[in-house]
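The values are calculated or read from the model by the stated rules, or taken from the named source; none is laboratory data. Because the structure is predicted, anything quoted here is derived from the model rather than measured. A quick note on method: Cβ atoms are made from the backbone with ideal geometry, for glycine too, and the neighbour counts reach across all protein chains shown. Each accessible area value is taken on the protein alone, full model and side chains, heavy atoms only, with ligands, DNA and RNA left out. Shrake-Rupley method; radii C 1.70, N 1.55, O 1.52, S 1.80 Å.
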Amino acid sequence: MENHSIAFTSKIRFVDLPAFKMFKKGDYIDYIHNKPNILKSKEFYSEGIRTCSGGGLVKPGIEAEGFHLWDDKTNYKKLPDIICSLFRFVKNPERGLLLGSKELEGSTYSLPQFRQLKNAFLNRVKNVSLFQQHKYENSQTHYHYSLEDDTWTLCTTYRLNDNARLQTVRSLKGLLKCFDKISIAKGDRLFIGKKEILPSDCPEIFA
């Protein structure tokens with residue numbers, strides 16, 4: 001059977017912080033200032049995506065890459081070259097995931113950077129899942145990807161205000177509160193913990 005006749009289904013699973021710590025394996029993608037931090041690997045993870053943008057491109061069963069892009073002036077000016085690098089690492093990707101950004105004082109390049117990446121992904125990749133713009137000032141997302149089972153494991157934490165306790169996305173309601181826009185690509189399956197979120201549960205976020 002040829003690869004193009006296989007129907008791949010990527011999984012996106014949100015877990016709590018203790019569970020995510022168990023997934024901190026594979027190659028680590030750092031977020032060093034003024035570097036794009038792109039890595040091609042079969043298994044990778046990154047942490048602390050706040051105003052930054054992160055995610056990856058995948059050719060299921062064949063190759064994958066992840067990235068964590070700091071939202072600074074240097075990276076923003078180099079964004080066309082960075083995007084070219086992303087699509088050189090994994091040529092003709094079939095699926096992608098993009099997350100991050102935040103409207104925060106002093107983070108001038110956060111939303112413009114995300115929008116440019118989003119446009120590039122949507123123009124070049126058939127199936128892209130998006131988790132766009134953290135809503136809370138203290139929110140952040142960690143991610144892990146495994147090519148072996150084509151699964152993204154995400155952990156989003158947030159505080160309702162500076163004095164509130166740290167919370168983690170544990171439900172669909174919590175997920176919807178944390179991002180300004182969510183779009184689950186056709187063929188991607190969304191889980192929160194062990195529960196699968198079906199299109200009938202929230203049709204507005206499924207492509």
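Observations on the structure shown:
- Number of residues in segment 99-125 that are within 16 Å of Ser139 (Cβ to Cβ) and of a type in the set (A, V, I, L, M, F, W, C) equals 4.
- Total residues in segment 128-151, condition open to solvent by less than 20 Å² (accessible area, probe 1.4 Å) and in a strand (DSSP E or B): 12
- Cβ pairs under 9 Å, 6+ apart, first in segment 42-54 and more than 13 Å from Thr153 (Cα to Cα) and basic (Lys, Arg), second assigned to a strand (DSSP E or B) and open to solvent by 20 Å² or more (accessible area, probe 1.4 Å): Lys42/Asp27; Lys42/Glu63; Arg50/Gln140
- Of all residues in segment 58-94 being farther than 30 Å from Asn138 by Cβ and charged (D, E, K, R), the one that is modelled with the lowest pLDDT: Lys91
- When segment 110-127 is filtered for residues that are part of a loop (DSSP other than H, G, I, E, B) and closer than 13 Å to Phe87 by Cβ, only Val125 remains.
- No other residue among Ser41, Ser107, Ser129, Ser101 is touching a Gly at 6+ places or on another chain (Cβ under 9 Å), modelled with pLDDT of 95 or more and closer than 23 Å to Lys177 by Cβ apart from Ser129.
- The sole residue among Leu190, Leu154, Leu160 that is surrounded by fewer than 16 Cβ atoms within 10 Å (Cβ to Cβ) and among the hydrophobic types (A, V, I, L, M, F, W, C) is Leu160.
- Condition check for Asp201: open to solvent by 50 Å² or more (accessible area, probe 1.4 Å), in contact (Cβ under 8 Å) with a residue 24 or more places away in the chain, over 17 Å from the mean Cα position of the chain (by Cα) and at negative phi: yes
- Matching option when the condition is in contact (Cβ under 8 Å) with a residue 40 or more places away in the chain and out of contact with any strand residue (DSSP E or B) (no Cβ under 6 Å at 6 or more places or on another chain), among Lys73, Lys78: Lys78
Yes/no per residue for (1) modelled with pLDDT under 95; (2) in contact with a Gly (Cβ under 9 Å, 6 or more places away or on another chain); (3) more than 20 Å from Gly48 (Cβ to Cβ):
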residue: Ala164; (1), (2), (3): yes, no, no
residue: Leu176; (1), (2), (3): no, no, yes
residue: Phe179; (1), (2), (3): no, no, no
residue: Ile184; (1), (2), (3): no, no, yes
residue: Gly187; (1), (2), (3): yes, no, yes
residue: Ile192; (1), (2), (3): no, yes, yes
residue: Glu196; (1), (2), (3): no, no, yes
residue: Pro199; (1), (2), (3): no, no, yes
residue: Cys202; (1), (2), (3): no, no, yes
